[in-house]
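The structure appears right after this line, and notes come after that.
The values are calculated or read from the model by the stated rules, or taken from the named source; none is laboratory data. In this text the structure is predicted, and so the values were computed from the model without any measurement. Here the Cβ is made from the backbone with ideal geometry for all residues, glycine too, and neighbour counts use every protein chain on show. Surface areas here come from the heavy atoms of the whole protein model, side chains and all, with no ligands, DNA or RNA. Shrake-Rupley method; radii C 1.70, N 1.55, O 1.52, S 1.80 Å.
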Amino acid sequence: RHERNATYMQKLRRTIKEILLHVGELSNPFLEDRTDSRRAFFVIAGDKGLCGSYNANVLKLALKEIDASSENFIFTVGTMDTQFFNRKNQMVDVEFLHTAQNPELENARQIADTFIDLYNQDMIDEVVLVYTELESTVKQTPKIMKLLPLELEDFKDIEVHSDFVGKFNYQPNPDTLFITLVPQYIIGIIYAALVQSVAS
């Protein structure tokens, strides 16, 4: 399951990158570079502590990024996250319960809706995902991925399969495309990250 899931995540990100490469100049909330630094961190860890270094590695990475931010909000999946941040005197703003061990698509949808609503209400400027990628049965790697706003430079690790450098025409228009597509993209990425993490 996790191998198909990893492929799905890569294809999702490749699709968004290809659109960003060919959309041209566009004014859209999901693409704007906001000058403030209110960062929302969505951290995925486990509900139990008996997982080797799994929890420690992803939480250490998350804390490093959080400490480097001037103003941040913390959203967690897994009770180990909340306990960890409480010990570090970092307030957890929202804890998504009953999700870490058996993630469902509806969980991802609820989480994505929460972030997108806060972003659209101009209460946060950036959404950062911190999760564990299962590279093999012996290698699990904590990862950071920015979900919002979308910027081409955040897709440097994704290869595209076309050399076309022109501009595409979108119907009905690029703005409507992003308003519709980006929430679905974020749901897909969050679900994929939940599955990768539980597999790790």
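Check segment 184-200 and report whether any residue there is part of a loop (DSSP other than H, G, I, E, B), surrounded by fewer than 16 Cβ atoms within 10 Å (Cβ to Cβ), among the hydroxyl-bearing types (Ser, Thr, Tyr) and in contact (Cβ under 8 Å) with a residue 40 or more places away in the chain. No: segment 184-200 contains no residue that is part of a loop (DSSP other than H, G, I, E, B), surrounded by fewer than 16 Cβ atoms within 10 Å (Cβ to Cβ), among the hydroxyl-bearing types (Ser, Thr, Tyr) and in contact (Cβ under 8 Å) with a residue 40 or more places away in the chain. From the list Leu63, Leu21, the one residue that fits, being within 19 Å of the chain's Cα centre (by Cα), surrounded by fewer than 19 Cβ atoms within 10 Å (Cβ to Cβ) and in a helix (DSSP H, G or I), is Leu63.
Residue check: is Glu133 within 21 Å of Asp36 (Cβ to Cβ) and either open to solvent by less than 30 Å² (accessible area, probe 1.4 Å) or touching a residue at least 24 places away in the same chain (Cβ under 8 Å) (or both)? Considered against the rule, which asks whether it is within 21 Å of Asp36 (Cβ to Cβ) and either open to solvent by less than 30 Å² (accessible area, probe 1.4 Å) or touching a residue at least 24 places away in the same chain (Cβ under 8 Å) (or both), Glu133 comes out as no. The requirement of being in contact (Cβ under 8 Å) with a residue 60 or more places away in the chain, part of a loop (DSSP other than H, G, I, E, B) and surrounded by fewer than 21 Cβ atoms within 10 Å (Cβ to Cβ) is satisfied by Met123. Taken together, Phe115, Phe168 contain a single residue that is aromatic (Phe, Trp, Tyr) and either surrounded by fewer than 16 Cβ atoms within 10 Å (Cβ to Cβ) or part of a strand (DSSP E or B) (or both), which is Phe168.
Taking first residues from segment 22-33 that are under 11 Å from Leu177 (Cβ atoms) and partners that are modelled with pLDDT under 80 and charged (D, E, K, R), the Cβ contacts under 9 Å between residues at least 6 apart in sequence or on separate chains come to Val23/Lys167.
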